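The values are calculated or read from the model by the stated rules, or taken from the named source; none is laboratory data. Being a predicted model, the structure only gives us computed values, none of them experimental. Note: ideal-geometry Cβ built from the backbone for every residue, glycine included; neighbour counts use all protein chains shown.
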Amino acid sequence: MQPTDDDLMAQIAKGDERAYSLLVSRHLQRVRAVAYGFCANHADTDDIAQSVFWKVWTHAGSFEPGAAKFTTWLYRITTNACIDHGRRKRLKSWIGLDVIAEWVADRSDPAREHAGRTELAETRKALDALPERQRLALMLSVEGEMANGEIGAALGLTTGAVEQLLVRARRSLRDWLSGQGA
């Protein structure tokens, strides 16, 4: 039977490097996805993930099982690391232009490729235009696959406030992409 995240955190608090390695391997991909969703840069994603897991290692003793799910605690650290990193670097993108080529379905048709690149660039602009809290809530919902209550716990908001952020974010994106926000 695999140890739970709470069990691993108790072991990490005692300095168990194997438990830490298992926890990192369990959660690194999602933390990186959320970080990449925020900064759209692989190097910055790695910096954020490293910062997150350093905090997990150094603050393992402050984690209180039962007070919050481990993933809520982890995404709170991730969200704060993204915000801090963004403030330092003034990052304002969500989708990296370097991934556009990967998202264009048919590169053999130059007109279709151009249309795909244009659409993704517009989507990036629309996401950049969102207020930070709306973008983070949307990112945690989509990339983190978190429920609204979990997002609220990670951002220090009520579930209702998260729902409002997501509604406003989606409406803003829809308006922007339909030509009203451009």
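Structural remarks
- Listed by first and then second residue, the pairs linking a residue in the stretch 12-40 that is more than 25 Å from H85 (Cα to Cα) to a residue that is at pLDDT 90 or above and not in a helix (DSSP H, G or I), with Cβ atoms under 8 Å apart and 6 or more places separating them unless they lie on different chains, are A13/F63; A19/P3; L22/P3.
- Flag for R124 being outside any loop (DSSP other than H, G, I, E, B), within 24 Å of V24 (Cβ to Cβ) and modelled with pLDDT under 80: no
- Some residue of the stretch 78-87 being touching a residue at least 60 places away in the same chain (Cβ under 8 Å) and assigned to a strand (DSSP E or B): no
- Residue check, R133 modelled with pLDDT of 80 or more, part of a helix (DSSP H, G or I), of a type outside the set (V, I, T) and loosely packed, with under 14 Cβ neighbours inside 10 Å: no
- Residue among G86, G181 that is under 17 Å from the mean Cα position of the chain (by Cα), at pLDDT below 75 and not hydroxyl-bearing (S, T, Y): G86
- The set of residues in the stretch 136-150 being touching a residue at least 40 places away in the same chain (Cβ under 8 Å) and on the phi < 0 side of the Ramachandran plot consists of L136, M139, L140, V142, E143, G144, M146, E150.
- The number of residues in the stretch 18-50 being modelled with pLDDT under 95 and more than 23 Å from T79 (Cβ to Cβ) comes to 0.
- Among the candidates R30, R18, R26, the residue that is among the basic types (K, R), in contact with a Gly (Cβ under 7 Å, 6 or more places away or on another chain) and surrounded by fewer than 19 Cβ atoms within 10 Å (Cβ to Cβ) is uniquely R30.
- The number of residues in the stretch 19-43 that are at negative phi and either charged (D, E, K, R) or more than 10 Å from the chain's Cα centre (by Cα) (or both) comes to 16.
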